[in-house]
Each structure stands twice: as structure tokens, then as C-alpha cells.
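Notes follow once the structure below has been shown.
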Amino acid sequence: MKKYRTLAKPSFGDYREKGSKFLAYAQPISDREAFSAFGSQVKKEHPKARHYCFAYRLGYAGEDFRASDDGEPSGTAGKPILGRILSFDLTFTAIIVVRYFGGKLLGAAGLTKAYKAAAENALASAVIKSVGITVSYYLDFTYEVMGKVEDVLSRNSITILNRSFTGPPRFTISLPKGEEAEIINTIISQTLDLPSEQVGKVTAMGGLAFNIHASNGS
């Protein structure tokens with residue numbers, strides 16, 4: 001898995017049934033803390049609403065998810081909202097549907113239909129993007145090769161997330177997941193002016209002026 005789908009920006013959709021209003025707010029989120037802030041914002045904008053039902057999905061594979069009926073009959077709100085997120089194959093995404101009660105009961109089937117439709121309408125108008133999954137690596141080197149390292153990273157459009165000079169120079173770089181080995185080989189080859197097939201021999205001999213390793217220590 002090298003990419004995931006999420007929202008490019010917040011979107012809105014609504015649905016009305018027998019006087020009840022269902023206002024759906026969809027938003028990209030980075031983690032549970034971001035979702036909590038999103039929920040607080042929605043409640044602040046709608047302090048008199050009857051229910052704030054929601055679903056969110058997090059993780060590159062969407063493995064972290066939650067749905068809430070917030071007082072509605074079990075399975076009539078959170079589940080259909082989460083179903084829309086799944087049907088659009090989205091992650092790092094949350095939808096909160098605010099309900100204003102219109103005075104007439106809708107029944108379980110009517111509620112399920114309403115929450116599903118509101119969430120669907122929010123996503124139907126959303127801008128969706130595919131995001132490449134990246135991993136961070138540390139690049140440690142000596143000052144003598146810093147100019148060459150910067151040139152190689154720039155030439156290959158490799159993102160530098162951070163530069164540290166508290167000790168020997170260290171760059172934190174971002175590499176596309178699944179392509180790390182090939183790109184690291186390119187960095188070494190171009191920095192040392194070596195044919196790519198010789199890189200393995202040089203690294204085995206410990207003859208590098210720099211070192212590249214995963215930022216998690218692996």
C-alpha cells in the first residue's frame with residue numbers, strides 16, 4: 001500500500017425529513033485529538049442540536065475507526081455514516097451529522113436513511129485526494145560532503161523535513177514508502193559518483209562519508 005485517499009478540504013451536505021434537519025460536516029483529520037477539536041467546533045456552532053452522531057476512520061489502512069449514535073437507536077446513525085466513509089474508500093476522515101428534531105419520529109429505517117443520505121451528500125460534494133505514504137530517514141554526513149548531498153537531494157526532489165547542526169550534520173528526509181531502497185541507492189551513487197551496481201560493495205566495506213538509516217532506529 002503506497003497511497004491512501006482522504007479529503008482535500010472540509011465539505012458539507014444536508015438532508016431533511018419530516019421537519020428534522022440533518023447537517024453533515026466532513027473533514028480531514030490527522031488523529032483522534034484532531035477529531036476531538038473538530039467535534040468541539042461543531043457543537044459550539046450548533047449548541048441547541050438534538051444529536052451529534054459521527055464516524056471517523058484513521059490509519060493508512062483505515063484500521064482505527066469509531067462510530068457513535070449519540071442517543072439515537074443503536075445502529076441507525078454512526079454505522080451508516082461510517083458506511084459512507086468506507087464506500088468512498090477514505091481514511092484520516094471524520095463526518096459529524098448534527099440533527100435538529102422536527103417533532104415527528106422517523107423510525108429506525110427512516111433514521112438510517114437520513115444519516116446515510118446526509119453523509120453521502122457531504123462526500124458527494126467533497127474534493128478527494130490520493131496521498132503518497134512516506135517514511136522518514138536520517139541522513140548523517142560530514143561537512144565536507146554537505147554541498148554534494150544538498151545538490152543530490154534537490155536534483156531528485158527529495159524533501160528535507162529537518163536540518164540539524166548541533167553535532168555532525170543530520171538531515172531528516174522523507175522517502176516514498178516502498179521505494180526507499182532504490183532512492184537510497186541513488187543518493188549514495190550520485191553523492192559518491194559511483195555506478196549504482198557498486199554501491200553495495202562500498203557500503204559493505206564501510207567506506208561512506210555519510211550514513212542513511214530509518215528515523216525509528218530500524
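Readers should treat all values here as calculations from the given coordinates under stated rules, not as data from a laboratory. Not measured: the values here are computed from a predicted model. For neighbour counting, all protein chains shown are included, and Cβ atoms are generated from backbone atoms with ideal geometry for every residue, glycine included.
Points to keep in mind about this one:
- The trypsin sites (Lys or Arg not before Pro) of segment 74-169 meeting both criteria, a DSSP state outside H, G, I, E and B (loop) and at most 13 other C-beta atoms within 10 angstrom of the site's C-beta, are 104.
- Set against the 2.2 N^0.38 Å expectation for a compact globular protein, segment 3-131 has a Cα radius of gyration ratio of 0.97.
- Helix 107-124 vs. the chain, principal-axis angle (Cα, 0 to 90°, nearest 10): 40 degrees
- Applying the criteria of a DSSP loop state and at most 14 other Cβ atoms within 10 Å to the trypsin sites (Lys or Arg not before Pro) of segment 1-41 yields 2, 18.
- Looking at segment 1-96, the GluC sites (Glu not before Pro) that sit in a DSSP loop and have at most 16 other Cβ atoms within 10 Å of their own Cβ are 63.
- Seen against the Cα atoms of the chain and their longest principal axis, helix 32-45 is set at about 40 degrees.
- Recomputing percent of Cα pairs over 28 Å apart from the coordinates shown identifies the correct label among [x] 47; [y] 36; [z] 40 as [x].
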